[in-house]
């Protein structure tokens, strides 16, 4: 625990990641209250550049870009975290069960895993999202249920090494059940790895949500950075030179992903000391 | 070093060599752009606007639409006689009229089009639904008999006349499946499709056998761009001469661009707020808030909605306020309804008070006997304009104590909600929604039909049922006399305004733009005086009237504005700063290079 | 021994391919009933629906349908596009070369640039240049590729009208020679390829750098240096080729990510490849085409993985004994 605190607050990278993530989380919670205007309020000031009344200009509907930006943080973070949690839980479960029990269970699960690893992610998600009616829940499920394989693979490898360790042998010799061993020996030792991996999955999930929204498969009832990019591109903002509309949302996505990724690599290095020497 | 120079050279050469070849000498070409291509160009299966743009130039109808007032004017038929019982119309075709491939145009072609083509196509069967027989006593005479008098046979038979000797060769199965006509597409219009390059362009060349006056342009090209934005950019850069459909969001910008004139004209389409008026008999299992069926509530909502503001914001000021069921585009039949629900919030409140809808202290939503004036308002995600209109409706009705809950759904979902069936009977599941309809060029029947009882289960989406309205509808559909018909239609509009199955928010406009340095100023027709410049999707009269601009053609494209310069300056500045920093830092550590690796 | 290993991998690829077919089939037949999409006409009568079902073989048993589907797919009969009424296989065949052009050029550029940057960073480990490059690559990894594309359009097509903002040729243009047309395509390729390259650059650079660092600390490099060979030559002749291997295999393995990037980048630039085909099919709800592009993407990734395995196996003597 204290190790995590040290990593987060005492290292340069940790501070960078935490502060950015903190800022965006704050926006996700309070963005709607703090936004200068109703992000959905339209006006006749269409695609106007930054001015004193609209710090980041207006959209093609005359809405305030800054307000939309602040409110959009919520969807990115919520979908990112929720999808990552689902993905992690699923992946960890598969990795634990397959790795521990071995045999045919493992082989079948491994085949599934292989398949999900190989299938190109975005095309798969596009197909699924198109077949279902778009909504936040669908987005979360689609992302979560298709990106678990990476975690599964990592967890399984870890479980395999743990399985052969002395304390597991001893526990078995003493007559402990599989469930007990899994719960008290294997799981706690894989948690740090799962945690580090989850953080990285959050970064991926945020990017995926933005991509799906950009392609028009996002939730039509919410505003997110991805839908801002979609609306901006679709209404000809680039051609109009309306950089205030398209640059900020992408920048926010980039910074958020950067922050999460930096934190994720930080944790991963901590868990997997081998990686540290690469720096 | 060398590699870099080579790369730079290659890029320069590529840019230089890529200038498109010069236009063919002497040939006058009209270049238009679009963002979506027609699917197959087969009138049997296609349904897009782009298809209509091509068909309306490639083919004639039996009776065309006059550019002046969209009334009947000779097409393939030169003249027509209506029988006293109005159930038979005898058409006399033009003599010596030939298809673009030289074959004569005869009554056989008309019979094929009306009896085989229309009923088996996707979009045209309704126009011939009353036809009982098509007789062709000789090559130039066609006798059309109908079940009951149908004014559309003369004023609105929107069925292209296709060459039987080309289409008759294909099996119906193939025609309804995947048959794609191959160029040259034989037709009787001023231009016929001579080349189709998928993803690139569609070329139409002048039909030497065209009956009318020779048009000024030898060739018409439809050039495909990646998206609407690219089309409009191409116009500002001078790559194309005319854009037949401009986006609402960019219309204002184009209006201000140099050498470009942007035109907004009336059209037969509108956007409406629809109420679920299904009754027990027609849809026993429908689901909705019963309050929506209180006419006073609907009227109050109508008084509270500022249609001008909806036009200004949702349509960016490019459309027109709605005034009743029939858009004023229908010059021959339109009358402004006497009850027009001009904005009057006080009156709205008064109506609701009179009807017993008590205002609520907290939240403000009125209620009566346990029912609240809270309705869901569905709107399709594909239309940002509709979504904004929905939000505005919500905003405008909140002060009178009505709560519209805007639900953005996909068009599939909305279709499902409005057409789902339970036990074989229609059972719509919505309180209100916003969508739009588009009518025929001259005959108001399509739009008037939407709120008839017999349209329930078909195109009716408000499920309105009024026997008086139905009676008037049948009467006007068989009335060939314009003046008499106008009077009947006026009564129908009054009924619709009283009962408000729809609140027509805006009459949508057709937005177009052209280059003033490439085209002589086109006349606004279809209909005069405020129609569009291409008689878009309706006829070819405008296209044939277009002519190249006079000698005084100022060149050059539009200016993209100074903000671009700002971006460039910022980026260059940033790069410069980074560059300087990097160089400074490197110089300081230059000596340490070789030592690093030993560690 | 070698053969058995390759054989096993090939068999694995085949099995995955079968899974893809099954998945594709169930996804579209079971999850999205085709008749509702086929009968998009608002007034399709019940008789017409029955006829449509028979025509598409939907009245057979599920297994029978799958057999039909598998057989059709193998014969490359992938159905008919609902929008254009052309064969899906024709649409795919027309789109694939454009995507290959984009991916090929982009991957090549990213490999070359990534290698170059990786060498610089590895040989100047810990310096500002290294940090700068790492920062840059992290940025391009985190940034959505379509956002990079939009910025490229803003900078180089709108603010400075240097390059076209979309499509693969100048619309409506006629060309006198193949070279003129090729030059036009080249001009249109610059921005989309740049976007794709930037998207891949980050990853390639990082991999190249770390593998270079690995190689540079190996014994044989120290030996070469000790013999007096100039440093440049050591790097170029010996270090780089050895470090390239992980990069090449990564390129093949990352194909899945490239597929995603291709979809969004082609959409931005209206590039007529598989990506734009997918995007249009999404908007038109053209399921036969969606099914087709998904199949192509999956097959491409499976094949790429197989090639990566084979390449790694053939080139790296260390793996053969594993």
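For the reader, a short list of remarks on this structure follows.
- Hey, residue B:24 within 9 Å of another protein chain (Cβ to nearest Cβ), assigned to a loop (DSSP other than H, G, I, E, B), surrounded by 15 or more Cβ atoms within 10 Å (Cβ to Cβ) and modelled with pLDDT under 90 or not: no
- Residue check, residue C:199 within 13 Å of chain B (Cβ to nearest Cβ), surrounded by 19 or more Cβ atoms within 10 Å (Cβ to Cβ) and out of contact with any strand residue (DSSP E or B) (no Cβ under 7 Å at 6 or more places or on another chain): no
- Residue C:130 meets each of the listed conditions (1) surrounded by 19 or more Cβ atoms within 10 Å (Cβ to Cβ); (2) closer than 19 Å to residue C:202 by Cβ apart from (1).
- Matching entry among B:245, B:219, B:261, B:281 (being within 14 Å of chain C (Cβ to nearest Cβ) and either under 26 Å from residue B:51 (Cβ atoms) or surrounded by fewer than 24 Cβ atoms within 10 Å (Cβ to Cβ) (or both)): B:219
- The residues of segment B:453-464 that are more than 14 Å from chain C (Cβ to nearest Cβ) and either crowded, with 21+ Cβ neighbours inside 10 Å or within 23 Å of the chain's Cα centre (by Cα) (or both), listed by number, are B:462, B:463, B:464.
- Index of the failed condition, residue A:140 passing every other in (1) more than 12 Å from chain C (Cβ to nearest Cβ); (2) surrounded by fewer than 19 Cβ atoms within 10 Å (Cβ to Cβ): (2)
- When the residues of segment B:489-523 are filtered to those that are more than 27 Å from residue B:455 (Cβ to Cβ) and out of contact with any helix residue (DSSP H, G or I) (no Cβ under 9 Å at 6 or more places or on another chain), the one that is surrounded by the most Cβ atoms within 10 Å (Cβ to Cβ) is B:512.
- Checking B:109, B:150, B:85, B:101 one by one, the residue that is outside any strand (DSSP E or B), in contact (Cβ under 8 Å) with a residue 60 or more places away in the chain and either in the same structural domain as residue B:446 (by TED's automatic domain parsing) or under 29 Å from the mean Cα position of the chain (by Cα) (or both) is B:150 and no other.
- Subset of segment C:159-181 [crowded, with 21+ Cβ neighbours inside 10 Å, over 26 Å from residue A:248 (Cβ atoms) and more than 8 Å from every other protein chain (Cβ to nearest Cβ)]: C:168
- Residue satisfying all of: in segment B:33-61; more than 20 Å from residue B:116 (Cα to Cα) and buried (at least 24 other Cβ atoms within 10 Å of the Cβ); farthest from the other protein chains (Cβ to nearest Cβ) among these: B:57
- Among residues of segment B:195-218 that are on the phi > 0 side of the Ramachandran plot and in a loop (DSSP other than H, G, I, E, B), those with a Cβ under 7 angstrom from a residue that is at pLDDT below 95 and surrounded by 15 or more Cβ atoms within 10 Å (Cβ to Cβ), sequence gap 6+ or separate chain, pair up as B:199/B:224; B:199/C:272.
- Of the candidates A:79, A:127, the single residue that is over 24 Å from residue A:180 (Cα atoms) and within 12 Å of chain C (Cβ to nearest Cβ) is A:127.
- The lone exception for residue B:73 - which of (1) surrounded by 15 or more Cβ atoms within 10 Å (Cβ to Cβ); (2) assigned to a loop (DSSP other than H, G, I, E, B); (3) free of Cβ contacts under 8 Å to residues at least 40 places away in the same chain it fails: (2)
- Criterion violated by residue A:195 - all others in (1) surrounded by fewer than 19 Cβ atoms within 10 Å (Cβ to Cβ); (2) free of Cβ contacts under 8 Å to residues at least 60 places away in the same chain satisfied: (2)
- Filter result for residue C:156 (at the interface with another protein chain (Cβ under 7 Å from one of its Cβ atoms), part of a helix (DSSP H, G or I) and closer than 30 Å to residue A:209 by Cα): no
- Filtering A:171, A:176 for residues that are away from every other protein chain (no Cβ under 13 Å) and not in a helix (DSSP H, G or I) leaves a single hit, A:176.
- Any helices (runs of 4 or more DSSP H) falling wholly within segment B:331-439 and containing at least 1 residues that are at positive phi and over 32 Å from the mean Cα position of the chain (by Cα): none
The values are calculated or read from the model by the stated rules, or taken from the named source; none is laboratory data. Just so it is clear, the structure is predicted and the values come from calculations on it, not from any experiment. A quick note on method: Cβ atoms are made from the backbone with ideal geometry, for glycine too, and the neighbour counts reach across all protein chains shown.
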